[in-house]
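A.B. asks: This structure is in structure tokens; I'll ask about it shortly.
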Amino acid sequence: MASMLHLFLVLGTLMVASAGSFYKDFDITWGDGRAKILNNGQLLTLSLDKASGSGFQSKNEYLYGKIDMQLKLVPGNSAGTVTAYYLKSPGSTWDEIDFEFLGNLSGDPYTLHTNVFTNGKGDREQQFHLWFDPSAAFHTYSILWNPQRIVFFVDGTPIRELKNSESIGVPFPKNQPMRIYSSLWNADDWATRGGLVKTDWTHAPFTASYRNFKANNACVWSNGKSSCASTSFRSRNSWLSQELDSTSQNRLKWVQKNYMIYNYCTDTKRFPRGIPKECRNS
């Protein structure tokens, strides 16, 4: 009986730890009170008004990870607003993995903008319209980042894969630990229809909500090394070598065929000397 009680206590502790808390995992970094942690640490909201937006960042840095966050975006007329959720390293030659949600007029779809930077260079944009209203309910946005690939997921469906193409001379994010950031801000000079549609401040404050952050198996960077360094960690975490199986590849193709609205790999006007090398390795 005592051993069973001990087991239940251990399992209970693990469940609490895995649930996470915004108090434990994140710091609010700007916004002068416009960002709030609510519901005993289980909900975080960012707000934007004419004076300021708001943002937060993770306490931990990560070097590789499988990271999930549920977001509910600004509802109604969100034109001019941008909700950014991304990984980024510091410095002038930074690495970055981006989800950016560009608001729109009520009834028109959000644009989901994705990009990957390596050594301070991006220019790898792909954009999508989603197959649901991302402001009506929470949806899960995930990043898989391992030594072989970066995959963007929406509700478990892959929408984009960027493979490691170092073998043909293309840099890949693998050396710089990154924090998780998110912000809600005004970008009406470019966000909606290239800046033609401005933010309607009569709808302010604009609010985006976050819950169910998970990075339980991500490689935490501490004291100059990664928690993934041990052989035992690698043996327990199959995501470090995860690939897209045939079902996931078919779902990726479905999304890109039906919902992708921009792909830098097919923008021959932008790259008149030929598409980037990694596009031929996709």
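A.B. asks: Most fluctuating residue of Asn175, Asn237, Asn223 in a GNM of the chain with Cα springs under 10 Å: which is it?
C.D. replies: Asn223
A.B. asks: Dividing the Cα convex hull volume of the chain by residue count, how many Å³ per residue is that?
C.D. replies: Roughly 168 Å³ of hull volume per residue.
A.B. asks: Additional query: For Asn104, enumerate residues with amide H under 5 Å from its amide H, sequence gap 5+ or separate chain, H modeled in the peptide plane.
C.D. replies: Sorted by chain and number, the residues that satisfy this are Ser78, Ala79.
A.B. asks: While we're looking at this one, here's another question. How much length, in nm to one decimal, is gained on full extension between Phe271 and Trp254, taken as 0.36 nm per residue of separation minus their Cα-Cα distance?
C.D. replies: Stretched fully, the Phe271-Trp254 segment lengthens by 3.5 nm.
A.B. asks: A further question on this structure: For segment 22-279, with every protein chain kept in place, what is the accessible area per residue (1.4 Å probe, Å²)? Each step should come with its number before you reach the end.
C.D. replies: On the way: 11910 Å² over 258 residues.
Counting only protein heavy atoms, the per-residue value for segment 22-279 is 46 Å².
A.B. asks: With θ set to phi - 60°, apply the Karplus curve 6.51 cos²θ - 1.76 cosθ + 1.60 along segment 273-278 and write out the HN-Hα couplings as whole Hz, x wherever there is a Gly or Pro.
C.D. replies: Karplus-based 3J(HN,Hα) across segment 273-278 equals 8, x, 5, x, 4, 5 Hz.
A.B. asks: Treating the beta-carbon of each Lys and Arg as +1 and of each Asp and Glu as -1, no other charges, what is the dipole magnitude of the chain about its Cα centre, to the nearest 20 debye?
C.D. replies: Dipole about the Cα centre, nearest 20: 600 debye.
A.B. asks: With an 8 Å cut-off on Cα pairs and a minimum separation of 6 or more residues, tell me the relative contact order of the chain in percent.
C.D. replies: Details: 616 pairs, mean separation 70.8, N = 282.
So the answer I get is 25 percent.
A.B. asks: Right, next: Quickly work out the Asn223-to-Ser21 label distance, labels modelled 7 Å from Cα along the C-beta direction, and quote it in nm with one decimal.
C.D. replies: About 2.5 nm, to one decimal.
A.B. asks: Which lysines have a Cα lying under 29 Å from the Cα of Lys50, excluding residues fewer than 8 positions away in the same chain?
C.D. replies: Lys36, Lys59, Lys72, Lys88, Lys198
A.B. asks: Next question, about the same structure. How large, in percent, is the carbon and sulfur part of the accessible surface of the chain at a probe radius of 1.4 Å?
C.D. replies: On the way: 7270 of 14040 Å².
Of the solvent-accessible surface of the chain, carbon and sulfur hold 52 percent.
A.B. asks: Same structure again: Using θ = phi - 60° and the Karplus form 6.51 cos²θ - 1.76 cosθ + 1.60, what ³J(HN,Hα) does each residue of segment 160-171 get, whole Hz, x for Gly and Pro?
C.D. replies: 7, 10, 10, 7, 5, 10, 4, 5, 10, x, 9, x
A.B. asks: Would you give the gap between the C-alpha center of segment 89-147 and the C-alpha center of segment 178-224, rounded to a whole Å?
C.D. replies: Cα centroid of segment 89-147 versus Cα centroid of segment 178-224: 9 Å apart.
A.B. asks: Next question. When only the heavy atoms of the protein chains count and the probe is 1.4 Å, how do Glu166, Glu243 rank by accessible area, highest first?
C.D. replies: Values: Glu166 70, Glu243 125 Å².
Solvent-accessible surface, decreasing: Glu243, Glu166.
A.B. asks: Considering the chain as a Gaussian network with a 10 Å cut-off on Cα pairs, which listed residue, Gly55, Gly103, Gly169, attains the greatest mean-square fluctuation?
C.D. replies: Gly169
A.B. asks: Follow-up. Quick one: how many Å² of Trp254 are accessible to a 1.4 Å probe, rounded to 10?
C.D. replies: 110 Å²
A.B. asks: Further question on the same structure: Along segment 112-124, what does the Karplus equation 6.51 cos²θ - 1.76 cosθ + 1.60 (θ = phi - 60°) give for ³J(HN,Hα), rounded to whole Hz, x for Gly and Pro?
C.D. replies: Once θ is set to phi - 60°, the couplings for segment 112-124 become 8, 9, 10, 7, 9, 10, 9, 6, x, 10, x, 6, 10 Hz.
A.B. asks: Identify which of Phe172, Phe99, Phe233 has the largest mean-square fluctuation in a Gaussian network model of the chain, with springs joining Cα atoms closer than 10 Å.
C.D. replies: Of Phe172, Phe99, Phe233, the most mobile in the Gaussian network model is Phe233.
The values are calculated or read from the model by the stated rules, or taken from the named source; none is laboratory data. Note that the structure is predicted; figures quoted are calculated from it, not measured. Using ideal geometry, Cβ is built from the backbone for each residue, glycine included, and neighbour counts are taken over all protein chains shown. To get the accessible areas, we keep the full protein, side chains included, count just its heavy atoms, and leave off ligands, DNA and RNA. Shrake-Rupley method; radii C 1.70, N 1.55, O 1.52, S 1.80 Å.
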